[in-house]
Amino acid sequence: MKIKRNNKLPWRVIDDTVYIVNPASSYLYSLNPLGRRIWDLISKPVTLEFIIDKLYSEYDVDKETLKDDIEEFFRIMGTHHLIAN
Amino acid sequence: MIQEELFEITYKKNIPLITVFELTNRCNLKCRHCYLPKNDKCSGSELTTEEIKRILSQLKRAGCLHLVLTGGEVFLRDDILDICKYAHKLNFDFRIFSNGNLITEKITRQLAESGISGVEISFYGRESVHDKITGVRGSFEKSINAVNLLKRYKIKVTIKCLLMKSNFNDYPWLIRYARNNGVSYRFDPTVAPKNNGDKSILKHRLSNQQLKRVFGDKDLVGNVSFEDRKGGGFSDWSNDLFCSGGHNSCGIDPYGNVYPCLQLLILLGNLRDKTFSKIWHPGNGSKLTQLRKFKQDDLQVCNKCTYAENCRRCPGLALLEDGNLLGPSSLSCKMVKVQCDKNHLNFT
């Protein structure tokens, strides 16, 4: 399964943080610099494995922990409709 | 919390988070309180579609997220849906201010597909009151139709109403209408002078007695905006008696002129001559740099005022109505006094 960001949502990168608006709820979300990196990676459809491998090569982190964190990140993103499968 | 954080960062870094973009001064109504002078001689030609798209791209690069497309009446532009689609493509959170009279089902369908965040429709009261204020018979019915169409296509609708002497008695009806139809509402008691300084329309302002009722009505709490064209209604944040205009909000008129705000008419430059970035980040000594340096300490009269803490002073109104950017705004003075006296606040 491939993941990509929900391109229907308004968003901007401001001060190294991604701010995303959900117009339906008027809710504003923010992603920190790591979240921003993931947001960039999912500008086109990619697999979860691709994202984990990419981040593992860029950050000094245990791979299992990274995998758990990324899965949790996408679970939350999915709940708020910030990604499109 | 995130909203406040974003507002503060953009304010401090002068990132134009909110832009109110007037796409035309033409209008199909003849509202008695309109702030646009009838004979708009300063104009030249309206920005073309391509010019607007170029400006939107520049605004995106500058960090603008919230965009208001307004007029005049924006649906008099044949290219409005094209502009909306482009704004969506650039991931703006954009909405339209309109009187709704030209909104058809075909337009509504295309608007829904354009990714628009919402439409705000001007209303003034029941049919007879509304049509009298707009100067066009049948305008009320068309606005009602627009609300119904927008709702049917699941576009967020807000009805907004300028409160004046002539429609004051109708605001409870408007609240009932909004609630019965599941739409948001917003009221504004700020009748501003025309952009050319003409104060003849100020006679429509509410009396002190009417203002007292506005401030005392629990149905209006949280739905009253005190700064009609400032910030596009996205936020009430303000850290002193200056405002966000020129920091993180800006206004652009139909001819490409850039202002700190469409209520604060200090011309910063024209987008046909310069890029947005060049206008928004000018060198030292520019009008904008000077404006950004002003702090509450520079407001010598307001600083001594016992009402200062509660005041929603608008620098644009102070300049336009009272002729001094650093002086009191007579309307703000009137409103804060009525509001505080209503609340029985004690001052020493």
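The values are calculated or read from the model by the stated rules, or taken from the named source; none is laboratory data. As the structure is a computational prediction, the values presented were derived from the model and not from experiment. We place every Cβ from the backbone using ideal geometry, glycine too, and count neighbours over all the protein chains shown. Side chains are part of the model used for accessible areas, which takes the heavy atoms of the whole protein and leaves out ligands, DNA and RNA. Shrake-Rupley method; radii C 1.70, N 1.55, O 1.52, S 1.80 Å.
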Any hit, the stretch B:150-168, residues being open to solvent by less than 30 Å² (accessible area, probe 1.4 Å) and on the phi > 0 side of the Ramachandran plot: no
Of all residues making up the stretch B:240-295, the number that are assigned to a strand (DSSP E or B) and hydroxyl-bearing (Ser, Thr, Tyr): 2
Residues that are more than 14 Å from chain A (Cβ to nearest Cβ) and hydrophobic (A, V, I, L, M, F, W, C), drawn from the stretch B:31-68: B:Cys31, B:Cys34, B:Leu36, B:Cys42, B:Leu47, B:Ile52, B:Ile55
A:Val18 within 27 Å of B:Arg61 (Cβ to Cβ) and either surrounded by fewer than 15 Cβ atoms within 10 Å (Cβ to Cβ) or of a type in the set (A, V, I, L, M, F, W, C) (or both): yes
Residue list for the stretch A:54-70, restricted to those being more than 11 Å from A:Ile3 (Cβ to Cβ) and in a helix (DSSP H, G or I): A:Lys54, A:Leu55, A:Tyr56, A:Ser57, A:Glu58, A:Lys63, A:Glu64, A:Thr65, A:Leu66, A:Lys67, A:Asp68, A:Asp69
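In the stretch B:138-181, which residue that is assigned to a loop (DSSP other than H, G, I, E, B) and of a type in the set (A, V, I, L, M, F, W, C) is nearest to A:Asn22 (Cα to Cα)?
B:Ile155
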Odd one out for A:Arg36, checked against (1) within 12 Å of chain B (Cβ to nearest Cβ); (2) open to solvent by 20 Å² or more (accessible area, probe 1.4 Å); (3) under 21 Å from B:Pro16 (Cα atoms): (1)
Any pair with Cβ under 8 angstrom, 6 or more apart, that starts in the stretch B:96-113 at a residue that is on the phi < 0 side of the Ramachandran plot and ends at one that is open to solvent by 20 Å² or more (accessible area, probe 1.4 Å) and of a type in the set (S, T, N, Q): B:Phe97/B:Ser122; B:Ser98/B:Ser122; B:Asn99/B:Asn28; B:Asn99/B:Ser122; B:Asn101/B:Asn28; B:Leu102/B:Asn28; B:Ile103/B:Asn145
Output for the stretch A:25-53, where each listed residue is assigned to a helix (DSSP H, G or I), without any contact (Cβ under 8 Å) to a residue 40 or more places away in the chain and within 10 Å of the chain's Cα centre (by Cα): A:Leu34, A:Gly35, A:Arg36, A:Arg37, A:Ile38, A:Trp39, A:Asp40, A:Leu41
Only listed residue being touching a Pro at 6+ places or on another chain (Cβ under 7 Å), of a type outside the set (A, V, I, L, M), open to solvent by 40 Å² or more (accessible area, probe 1.4 Å) and modelled with pLDDT of 95 or more, chosen from A:Lys44, A:Lys54, A:Lys4, A:Lys67: A:Lys4
